Amino acid sequence: MAIIDKRRPSPGKSEVMNVIGSVKGKSCIMVDDIIDSGGTIVNAAKVLKEKGAKEIHVYITHGVLSGDAVNKIKNSDIKNLVITDTIDNYSKIKSAKNIEILSVSNLMAEAIRRISNSTSVSYLFK
């Protein structure tokens, strides 16, 4: 396991300060809740690659993908980025071979059904 230490010098800007742990020769997996402009993830992937990472895979719950985010990701060291369809990005990622959308619609529908029927939602995650 490695930790990426980042700082935000100003709103909308991020700097990767350190990578704590060894990534040399490893396949790295980054997980985050949201990606907006893509700057933090792209910068982190670049630093991991500089530290000797073999490949970088990224998994994000909500893909905002604002501005030039898709182009940044397409041209980055990220081998693949997986986002969910909580935000509709199908038209944005058409040309990005390293971005994939994973549908959570069935999971959400089942959670809503269980709430409506007063049955266990936590059972979905066992």
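Worth pointing out:
- For the chain, the mean residue ellipticity at 222 nm estimated from helices alone is -7000 deg cm²/dmol, where every DSSP H run of n ≥ 4 contributes -39500 (n - 2.57) and the total is divided by all residues, rounded to the nearest 500.
- As a proxy for reagent exposure, R114, R7 were ordered by neighbouring Cβ count within 10 angstrom, fewest first; the result is R7, R114.
- Peptides 118-126, 57-65 ordered by average Cβ neighbours within 10 Å, highest first: 57-65, 118-126
- Beta bridge orientation in the chain: antiparallel %, DSSP, nearest 5: 25 percent
- The amide H of I34, built 1.01 Å from its N in the peptide plane, has T61, H62 as neighbours under 5 Å, considering only residues 5 or more places off or on other chains.
- Per-pair calculated FRET efficiency, R0 = 30 Å: V64 and E15 via Cβ, rounded to 0.05: 0.90
- Percent breakdown of C-alpha pair distances by 10 Å bin, ordered from the shortest bin, for region 24-125: 15, 41, 24, 15, 4, 0
- Under 17 Å from the Cα of K79 - aspartates and glutamates, other chains or at least 8 residues apart: D32, E50, E55, E100
- Over 23 Å apart at the Cα level, from the set K24/K94; K51/K97; K6/K46, are K24/K94; K51/K97.
- Label-point separation, K79 to D33 (7 Å along Cα→Cβ), nm: 2.8 nm
Every number in this text was worked out from the coordinates using simple rules, so none of it is lab data. Bear in mind the structure is a predicted one, so any value in this text is a computation, not a measurement. Cβ sites come from the backbone with ideal geometry, for glycine too, and all protein chains shown count toward neighbours.
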